[in-house]
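Notes for the one structure printed next.
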Amino acid sequence: MRPYESMIVFDTAVDAQTIQIALDRALETIRTSGGNPGTIDRWGKRPLAYEINKRKEGYYVLVEFSGEPTTVVELDRILTLSDEVLRFKILRRNERTKPSRVTAQG
């Protein structure tokens, strides 16, 4: 499985419960597609860099997960169809490796 992260920007015009339902739907999609949700970091309301659908702020959530490419395709489909989502981006993270120790030889 590969590590991914997704930044999801929700519409602030909907209530918090609706945002939570949409987030739960995305997490369930990850699970049913063979992935494992990881850390969920709720950034809260923040101003957008530019207006999207006449909105000046959005509710940001960063979701880390691991899965296969099919997991990403299904998550992309679900987030695209969700009316509560203004924007999202799914990125593949670099796999973290420990740096090798370099010793000075004289």
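Laboratory data are not the source of any read-out in this text; all were calculated from the coordinates shown. Quick caveat, the model's predicted, so the values are computed rather than measured. Positions of Cβ are generated from backbone atoms using ideal geometry, with glycine treated the same way; all protein chains shown enter the neighbour counts.
Take every pair of alpha-carbon atoms less than 8 Å apart whose residues are at least six positions apart; their mean separation over the length of the chain yields a relative contact order of 43 percent.
For Met7, project a label point 7 Å along Cα to C-beta. Then give me every residue of region 70-94 with its amide nitrogen under 12 Å of that point. Residues passing the 12 Å test: 87-91.
Projected over all directions and averaged, the alpha-carbon convex hull of the chain occupies 9.0 nm². Proximity of backbone amide H atoms, modeled 1.01 Å from N, is registered between Leu86 and Val9, Phe10, Asp11 at under 5 Å, excluding neighbours fewer than 5 places apart on the same chain.
In this label model, Asp76 and Asp24 are separated by 2.8 nm, measuring between points 7 Å along each Cα→Cβ vector.
With only Lys, Arg, Asp and Glu charged, each at its Cβ (+1 for the first two, -1 for the last two), find how big the charge dipole of the chain is about the Cα centre; round to the nearest 20 debye.
Roughly 500 debye for the chain.
Where only DSSP H runs of four or more residues are counted, the chain gives -9500 deg cm²/dmol as its mean residue ellipticity at 222 nm, each run worth -39500 (n - 2.57).
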